[in-house]
Each structure stands twice: as structure tokens, then as C-alpha cells.
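Enquirer: The structure's right below; bear with me while I get my questions together.
Only the coordinates and a few stated rules stand behind these numbers; no lab work does. The structure displayed is predicted, hence computed values, not measured ones. Cβ placement follows ideal geometry from the backbone for every residue including glycine, while neighbour counts extend to all protein chains displayed.
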Amino acid sequence: MNYHQLKIDIIEFSKTIGIDKIGFTSASSFSELRNRLVRQQELEYQSGFEEPDINKRVEPSLLLPEAASIISIALAYPSKMKIRVESRKGERRGIFCRASWGTDYHTVLRDRLKKLEDYIHSRVPGALVKSMVDTGELADRAVAERAGIGWSGKNCAIITPEFGSYVYLGEMITNLPFEPDQPIENGCGDCNKCVDACPTGALVQGGQLNSHKCIAFLTQTKGFLPDEFRGKIGNRLYGCDTCQTVCPKNKGKDFHFHEEMEPDPEIAKPLLRPLLFMSNREFKEKFGHVSGSWRGKKPIQRNAIIALAHYKDETAVEDLIQVMKKDPRPVLRGTAAWALGKIGGLVAADALNNAKQKEEDEEVLDEINKGLSFIQ
């Protein structure tokens with residue numbers, strides 16, 4: 001088998017199925033990454049969403065014993081909406097991060113990887129392959145960096161020369177011995193804009209992230225959001241793009257190569273108030289196909305309440321009172337009480353005082369008292 005020619009053929013085929021960039025690397029251990037992951041674990045900086053077994057994240061042979069190479073792929077996604085909707089008084093909107101625009105990227109990348117697998121099997125019927133997107137064991141960024149897709153930026157994203165950091169990543173381990181590509185030289189230089197701009201200081205230093213302070217992580221949690229972060233979330237419903245939007249390497253980068261990734265503005269930037277009373281079925285029908293729905297509607301609804309407080313939206317007071325009085329979930333009742341205090345006014349104050357007499361949950365009562373303290 002002429003693996004050099006096969007590699008060329010795979011690269012050409014990848015272009016025909018909507019893969020925007022492809023790279024190859026060896027399946028040797030990611031030893032440097034292991035040290036970083038151990039340190040992250042010691043500092044308790046990990047989000048908890050990662051593969052817990054560090055060995056599986058750095059040893060491809062544990063996932064495919066015959067592993068010889070890894071193929072890394074990248075798909076560019078849009079950074080701007082073709083159709084814009086405005087957030088205005090009485091019709092305030094939240095925002096999903098760009099990585100949650102269009103069809104769930106896991107679905108899109110798995111489609112491309114499956115087509116690539118089928119092509120490889122058509123050329124080498126006995127080939128062994130194992131593909132994964134970011135819910136898999138391997139660290140996508142480490143693979144992409146070593147395969148020459150881009151460099152690992154200070155914003156903890158892979159930055160490609162062509163598409164900036166607006167790329168989705170996936171990889172395929174195989175037993176075929178392809179010649180590895182060369183990594184790209186780090187292009188961040190002295191720039192520190194992402195670290196300086198992070199709203200919560202989650203970027204401890206260039207390339208090191210404390211996930212528990214990261215807004216992208218915080219928007220996915222299900223409990224009460226810590227007080228120190230509520231004022232930082234703004235109108236974000238899922239994820240955060242600040243460290244990408246301030247990056248000079250992303251200036252002017254906006255690609256619309258894939259129809260599945262085009263955002264519906266009413267989904268990517270939805271009205272906030274209708275979210276508060278959405279049923280599970282309605283939520284699944286509207287948002288079920290986007291990656292930002294994976295934690296269910298509760299975090300989105302909590303974040304919508306915080307966004308209404310951010311806007312001090314007086315038109316939402318009656319809705320928030322209903323949530324505080326009737327929602328069976330303490331997190332939403334309590335967050336609504338906090339939001340009413342932030343918005344303020346006599347109606348909100350009366351509702352909070354009435355709720356204080358009837359509420360039995362201690363955490364919700366604490367939020368009611370916080371709300372009252374903002375008004376008094």
C-alpha cells in the first residue's frame with residue numbers, strides 16, 4: 001500500500017465532503033498534555049464535563065490498540081448572522097454562543113467523519129478506525145495542534161491561519177501509518193487581549209483556563225449561579241464568545257460554507273420572556289437540534305431570568321412574579337426573586353414581601369431577601 005498516495009487521495013476526498021481542513025499526526029502519547037492535565041486536576045480547574053481518565057485523553061493506543069496515526073479535521077463555522085434581529089425594550093433577547101448556531105456540531109462532524117471512514121474502508125477494506133468529536137476521550141485541541149490544523153491560542157482554542165478559532169474539531173484514530181504533518185508555529189506572540197477581556201478572569205494566564213469561572217461553563221450549570229458571576233453573564237443563555245471576538249486573528253473571519261451551521265436568529269438570539277414558561281416539548285421542538293440544548297431547559301431558563309435582570313426589563317416583572325410564585329423548581333423561583341429585586345419597583349417589592357411569607361425553601365428565601373435588599 002502506497003500510504004503517501006493514499007494520504008493525498010484522502011485530502012482531496014475530504015474537500016468534496018465539506019471538510020475545510022485536514023491534518024495527520026502520529027498516534028504516539030501526548031506526554032506534555034498529560035502534565036498539563038494533571039496540573040489542571042490538582043488546581044481543580046477542570047469542568048467535570050471531560051473524560052475523567054487522563055490516560056485515555058493522552059494515550060491513543062488505549063482507545064485503539066493498533067493505533068498508528070490520527071487524522072484531525074476542522075470545519076469552519078459562521079461568526080456573523082446573515083439575518084439580524086434586534087433586542088429592544090419590551091422584546092429583550094438572549095444569545096447562544098456561535099458554537100451553538102445551526103445544527104449540533106457533533107452531528108455535523110460525525111457525518112463528515114463517517115464519510116471519511118467509508119472512503120478509507122473502500123480503499124483499505126481491513127483498516128481499523130475510531131472517530132470522535134469533543135465528547136470522546138482524546139483532547140481535540142492537542143490532536144489538532146500536533147496535526148498542523150492550528151496552534152493552541154491563549155484563549156484555549158485552536159487558531160487556524162485560514163479561519164481563526166471559528167472551527168469545530170474532530171479526529172479519527174487509525175492503524176494506517178500516514179506520514180505526520182508539521183505543527184504550526186504559535187502565532188499569539190505578545191498579544192494578551194483574550195486574557196485581559198475575559199469577563200470573570202477565567203483565563204488565569206495564556207493557555208490556562210479555570211473552568212469554574214468560565215462563563216461558557218457557568219451557563220451550563222444547573223444550580224444557583226454564584227452571586228459574583230450573575231452580573232457578568234449579561235444576556236448570554238449558553239456559552240461565551242468574548243475570548244474569540246477580541247482575538248485579532250479572528251478579525252474579518254466569517255465563513256458560511258455549511259448550510260447546517262447557518263443560525264436561525266429566532267433560535268440563536270431568542271426572545272427571553274417566552275422562554276420562562278416553555279414546556280419540555282416546546283423546548284425540544286425549538287432548541288433540541290442545537291448543541292446548547294444538551295443540558296435541558298432549566299439552565300437556559302435560569303440564564304434568561306438573569307438576562308432580564310441585566311436589562312432591568314420592567315415589562316418582565318409580572319412574568320417573573322409568576323415564576324417566583326408557581327415554578328416548582330427552587331433555582332428558578334429564587335433566581336426570579338433575585339431578578340425582581342434587581343429590576344426594582346413597588347410591584348416587585350410587594351411580590352417579594354408576599355412571597356417571603358409563603359416560601360418554605362431556605363435557599364429561595366435567601367434569594368428573596370437578597371431581592372428585597374436591592375430595593376430597600
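Enquirer: Rounded to the nearest Å, what's the spacing between the alpha carbon centres of the stretch 355-376 and the stretch 2-28? Just the number, please.
Expert: Here the two parts' Cα centres lie 59 Å apart.
Enquirer: Along the stretch 236-253, what does the Karplus equation 6.51 cos²θ - 1.76 cosθ + 1.60 (θ = phi - 60°) give for ³J(HN,Hα), rounded to whole Hz, x for Gly and Pro?
Expert: Values, residue by residue: 6, 9, 7, x, 8, 10, 4, 5, 8, 5, 8, 6, x, 6, 9, 4, x, 8 Hz.
Enquirer: Here is a further query. Quick one: if you stick a label point 7 Å off each Cα along the C-beta vector at GLN41 and ILE8, how many nm between them?
Expert: Each label point lies 7 Å from its Cα, and together they span 4.4 nm.
Enquirer: Fully extended, how many nm does the chain gain between HIS121 and GLU228 (0.36 nm per residue separation, minus their Cα-Cα distance)?
Expert: 33.3 nm
Enquirer: Please report the spacing between the Cα centers of the stretch 288-351 and the stretch 199-271 in Å, no decimals.
Expert: Cα centres, the stretch 288-351 to the stretch 199-271: 20 Å.
Enquirer: If you don't mind, there's one more thing I want to ask. How much mean residue ellipticity at 222 nm does the chain get from its helices, if each DSSP H run of length 4 or more adds -39500 (n - 2.57) and you divide by all residues, to the nearest 500 deg cm²/dmol? Working shown, then result.
Expert: Details: 16 runs with 153 residues, N = 376.
Here the helix-only value at 222 nm equals -12000 deg cm²/dmol.
Enquirer: Say each of THR315 and GLN208 gets a label point 7 Å from the Cα, pointing the same way as Cα to Cβ; how far apart are those two points in nm?
Expert: 4.6 nm
Enquirer: A follow-up question, please. Among the Cys residues of the chain, which have no other cysteine Cβ under 4.7 angstrom away?
Expert: CYS97, CYS156, CYS188, CYS191, CYS198, CYS214, CYS240, CYS247, each lacking another Cys Cβ under 4.7 Å.
Enquirer: Taking neighbour counts of Cβ atoms within 10 Å as a proxy for exposure, in what order, fewest first, do MET1, MET278 appear?
Expert: Arranged by neighbour count, lowest to highest, MET1, MET278 become MET1, MET278.
Enquirer: Please arrange GLU145, GLU162, GLU228, GLU171 by counting, for each residue, the other beta carbons lying within 10 Å of its beta carbon, fewest first.
Expert: Final ranking by Cβ density, sparse to dense: GLU228, GLU162, GLU145, GLU171.
Enquirer: Still on this structure, please answer the following. Name the residues whose placed amide hydrogens come within less than 5 Å of the amide hydrogen of SER26, ignoring near sequence neighbours (fewer than 5 apart) on the same chain.
Expert: Amide H neighbours of SER26, under 5 Å, 5+ apart: ILE70.
Enquirer: Can you compute 3J(HN,Hα) from phi for each residue in the stretch 269-282, using the Karplus curve 6.51 cos²θ - 1.76 cosθ + 1.60 with θ = phi - 60°, rounded to whole Hz and x for Gly and Pro?
Expert: 9, x, 4, 7, 4, x, 5, 5, 10, 6, 6, 4, 5, 4
Enquirer: Between the stretch 95-111 and the stretch 148-162, what's the alpha-carbon centroid distance in Å?
Expert: 19 Å
Enquirer: Go through the stretch 65-74 residue by residue and turn each phi into a ³J(HN,Hα) via Karplus (6.51, -1.76, 1.60, θ = phi - 60°); whole Hz please, and just put x for glycine and proline.
Expert: Ordered by residue, 3J(HN,Hα) equals x, 8, 3, 10, 9, 10, 9, 10, 10, 9 Hz.
Enquirer: Once amide H atoms are placed 1.01 Å from N in the peptide plane, what residues at a sequence separation of 5 or more from GLU262, or on another chain, have their amide H within under 5 Å of its amide H?
Expert: THR103
Enquirer: What residues qualify as long-range amide H neighbours of TRP151, i.e. H under 5 Å apart, gap of 5 or more or another chain, H built at 1.01 Å from N?
Expert: ILE159
Enquirer: Follow-up. Can you tell which of ASN303, TRP151, THR103 lies farthest toward the positive end of the dipole of the chain, using +1 and -1 charges on the Cβ of basic and acidic side chains (Lys, Arg; Asp, Glu)?
Expert: Going by the Cα projections, it comes out as ASN303.
Enquirer: Taking the number of other C-beta atoms within 10 Å as the exposure measure, put ASP319, ASP350 in order starting with the fewest.
Expert: ASP350, ASP319
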